[in-house]
Structures are given as C-alpha cells and as structure tokens.
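Structure, as structure tokens:
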Amino acid sequence: MRKDRILICEDEREIVSFLRAELLHAGYAVDTAYDGETALRLLAKQDCDLVLLDLMLPQKSGLEVLQSVRGDGLRIPVIVITARKDSFDKVLLLKSGADDYVTKPFDTLELLARIERNLERGRRADGETYELRDLRVDYAGFTAAIGGKALPLTKTEFEILFCLMKNMRRVLGREQILGRIYGDFLGNSNVVDVNVKNIRRKIAALTSDSYIETVRGKGYVAR
Ligand code: CA
C-alpha cells in the first residue's frame with residue numbers, strides 16, 4: 001500500500017524536525033523544503049499528496065509558492081501554516097487556492113486531523129473507485145454495487161464502507177474510521193459499529209460473500 005506523501009515547506013528547523021517526526025509516526029512519507037524555490041522544485045518532480053506550507057519562507061513566500069502551484073494547475077491539497085504575528089489575509093489565501101490553514105503554535109492532533117481530511121478531499125476530487133471481488137464503491141457517483149446490483153446505503157454507511165475499501169486489507173480502529181470521516185476524533189465510536197452492522201445486513205441481502213471482517217480488539221477490515 002502506497003503511503004501518502006507530504007511535503008513540509010518551512011524554514012524553522014525545529015518545527016520541521018518536530019513535524020517530520022510526527023508525520024512519519026502517523027505513517028506518512030515526508031519530504032522537506034526549507035525555502036520556496038526548493039518547494040517548487042520538489043513539487044515539479046515529486047509525486048506528492050499534500051503540502052504543509054509556511055507563509056514566511058525565504059526566496060519565495062508561501063503565497064508565491066501557492067500561486068505558482070495553482071497557476072500550474074496542480075490540485076494538490078495545501079494547508080498553510082501561519083504565525084499569529086504574521087499579518088495575513090485569509091481571504092487572499094483562500095482565493096489563491098489554499099485548502100486550509102493552521103496558526104502556530106498549532107495542536108498536533110488538530111493538524112493531523114486536518115491533514116487527513118484534506119487528503120480525503122483530494123482523493124474524492126480524483127473520483128476514486130475501489131473494487132473487491134464483486135463489490136465496487138465509487139466516490140464520484142457516491143454509489144456502491146455488488147455484481148452490478150446497487151447497494152443502498154445511507155451517507156454515513158457509504159463513508160464508512162468507502163473508508164474501509166480505500167484502506168483495503170488494513171485494519172482500522174473505530175476512532176481512526178471516525179477521524180477519517182469527520183476530520184476529528186469526537187463522536188461516539190459506537191456509531192461505527194451500528195453502521196457496520198447495517199452495511200453487513202445490506203450486503204447480505206445481495207450476496208453470501210462477506211466483505212467486512214471484525215478484528216477483535218482492533219476494529220474492522222475490508223477483505
Ligand atoms: Ca517561516
């Protein structure tokens with residue numbers, strides 16, 4: 001399974017090493033650029049899934065990097081990192097194509113949740129579809145089908161099934177699933193159990209094959 005690749009563009013070395021460690025720990029692949037020129041060079045040659053972009057960068061500012069990326073038609077999600085003391089124009093940032101921003105000092109869990117949510121959006125924009133035997137889940141059409149027969153799901157059921165299919169053969173905990181769907185870790189993880197139960201019932205109405213397994217003490221896996 002390919003890891004999502006995140007480019008950190010930030011000139012404060014302590015922040016970079018801290019972020020790098022956190023992101024590696026969270027299972028991402030990480031590239032770093034300490035200035036705007038390097039960031040653009042890496043983005044041009046490296047297949048990257050998300051950019052964390054500091055605004056105050058040497059050589060080219062974060063805003064210039066952002067404008068250049070969007071000018072080249074790259075749709076990669078960009079989360080801007082700003083310092084509270086920087087005067088910055090939120091509207092200009094968003095108009096320039098930033099997907100999200102965080103203010104330093106930021107909360108690591110919040111940043112990780114924002115990263116996950118923006119990666120998710122990026123994937124959805126790609127209109128991903130996933131197939132496992134006869135089951136096919138298509139995000140663009142927001143549809144799921146088994147052997148061509150529609151699997152009628154509620155929005156939350158669909159999101160959960162999509163999340164499991166996207167991470168096929170990888171066990172996901174209930175909190176992980178919630179985090180990927182809602183972008184935070186709030187909410188009752190019981191929601192996942194209830195919805196999985198419903199998805200299984202609906203799958204069972206169409207086939208004897210089971211696609212979602214429970215891994216005791218861990219969570220769920222599509223396989
Ligand atoms: Ca900076």
* To do: Evaluate the Kirkwood expression for the hydrodynamic radius of segment 129-222, namely the inverse of the mean inverse distance over all pairs of different C-alpha atoms, and round to one decimal in Å.
  => 13.2 Å
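Over the chain, with every protein chain in place, what whole percent of the accessible area is carbon and sulfur at 1.4 Å, could you tell me? All intermediate terms of the calculation are to be shown ahead of the outcome.
On the way: 5700 of 11500 Å².
Of the solvent-accessible surface of the chain, carbon and sulfur hold 50 percent.
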* Could you provide, to the nearest whole Å², the per residue accessible area of the chain with probe 1.4 Å? => 52 Å²
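Can you show me the helix-derived [θ] at 222 nm for the chain, built from DSSP H runs with n ≥ 4 at -39,500 (n - 2.57) apiece and divided by the number of residues, rounded to the nearest 500.
Working: 8 runs with 93 residues, N = 223.
Roughly -13000 deg cm²/dmol at 222 nm, from the helical runs in the chain.
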* Roughly how many Å is it from the Cα centre of segment 18-83 to that of segment 117-163, as a whole number? -> 29 Å
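How much length is gained if the chain between Phe142 and Leu206 is pulled fully straight, taking 0.36 nm per residue apart and subtracting their Cα-Cα distance, in nm to one decimal? List each step's numbers first, then the result.
Values: separation 64, 0.36 × 64 = 23.04 nm, distance 1.86 nm.
Length difference between fully extended and current span is 21.2 nm.
How many lysine pairs in segment 1-91, separated by 8 or more positions in sequence or lying on different chains, have Cα atoms less than 27 Å apart? Don't skip to the answer; put the middle values down first.
Working: Lys3/Lys45; Lys45/Lys60; Lys60/Lys85; Lys60/Lys90.
So the count works out to 4.
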* **All lysines inside 26 Å of Lys197 as judged from Cα atoms, apart from same-chain residues fewer than 8 positions distant** => Lys149, Lys155, Lys166, Lys218
* How large is the dipole of the chain about the Cα centre if only Lys and Arg carry +1 and Asp and Glu carry -1, each at its Cβ, rounded to the nearest 20 debye? -> 980 debye
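Mind running the shape call on segment 46-118? Use the C-alpha gyration tensor, a ≥ b ≥ c as the square roots of the eigenvalues: rounded below 1.5 for a/c, prolate if a/b tops b/c, oblate otherwise. Intermediate values should be presented prior to the final figure.
On the way: a/c = 1.65, a/b = 1.10, b/c = 1.50.
Here segment 46-118 falls in the oblate category.
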* Measure nothing fancy, just the Cα-based angle from helix 155-166's long axis to the longest principal axis of the chain, in degrees from 0 to 90, nearest 10. => 80 degrees
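Order of 190-202, 30-42 by packing, highest average Cβ count within 10 Å first?
Going by the mean number of other Cβ atoms within 10 Å, highest first, we get 30-42, 190-202.
The values are calculated or read from the model by the stated rules, or taken from the named source; none is laboratory data. The shown structure was predicted, so the numbers you read here are calculated from the model rather than taken from an experiment. FYI the Cβ positions are ideal-geometry reconstructions off the backbone, even for glycines, and counts take in every protein chain you see. The area values use the complete protein model at the heavy-atom level, side chains included, leaving out ligands, DNA and RNA. Shrake-Rupley method; radii C 1.70, N 1.55, O 1.52, S 1.80 Å.
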